[in-house]
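*Asks:* Okay, here's the structure, questions in a sec.
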Amino acid sequence: MQEYGQCYKSICTSLAENRLEVPGKYLRDVKSGTFREAFAQTMDLLQGSRWIRPSCLVFTDDTLLEGGTAAVRRCGLRIPEDICLAAIRISEEVKYRDYPVVS
């Protein structure tokens, strides 16, 4: 696991504290502000026939959210009907865009 910040670590800690079991293959540590990597990792999660498609994705910032949203839409999924998206940190500018996400 690469260490890029506290958000990813905090998510993992919160999952453990609340006894929520999430398979490791669903957890991806992506460097903040990396649209392409977020897109690629999200595509891998959504197209992976090796496991059940996730019903919700949590991103640490709005750039990762944009990459994930692009991948979700590329796969033909609807937000929030088919999959839910959430972001930990989101800028004021993104709050006013057409992103049906929880922040």
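The values are calculated or read from the model by the stated rules, or taken from the named source; none is laboratory data. Since this is a predicted model, take the numbers as computed values, not measurements. All Cβ positions, glycine included, derive from the backbone under ideal geometry; neighbour counts span all protein chains shown. Accessible surface is based on the protein model in full, side chains and every heavy atom, while ligands, DNA and RNA are left aside. Shrake-Rupley method; radii C 1.70, N 1.55, O 1.52, S 1.80 Å.
*Asks:* Given labels modelled 7 Å from the Cα in the Cβ direction, how far is it in nm from T13 to S32?
*Replies:* Each label point is offset 7 Å from its Cα along the Cβ direction, giving 1.5 nm.
*Asks:* If each residue of separation counts as 0.36 nm, what is the full-extension length gain between R53 and A86 once their alpha-carbon separation is subtracted? Can you show the working numbers first?
*Replies:* Values: separation 33, 0.36 × 33 = 11.88 nm, distance 1.61 nm.
Difference between extended and current length: 10.3 nm.
*Asks:* Check A87: other-chain or 5+ apart residues with amide H under 5 Å from its amide H, H built from backbone geometry?
*Replies:* Under 5 Å from the amide H of A87: F59, V102, S103.
*Asks:* Near T42, within a Cβ-to-Cβ distance under 10 Å, what is the net charge of the other residues, with Lys and Arg +1 and Asp and Glu -1? Mind dumping the intermediate values first?
*Replies:* Numbers: positive: R28, R74; negative: E37, D44.
Here the charged neighbours net out to 0.
*Asks:* Given a 1.4 Å probe and the protein chains all in place, what does the accessible area of R53 round to, in Å² to the nearest 10?
*Replies:* It works out to around 100 Å².
*Asks:* Please list C7, C84 from largest to smallest accessible area, probe radius 1.4 Å, with all protein chains kept in place.
*Replies:* On the way: C7 25, C84 60 Å².
Heavy-atom accessible area, descending, gives C84, C7.
*Asks:* Taking just the alpha-carbon atoms of region 39-78, what radius of gyration and Dmax come out, in angstrom?
*Replies:* Looking at region 39-78, its Cα Rg and Dmax stand at 9.6, 28 Å.
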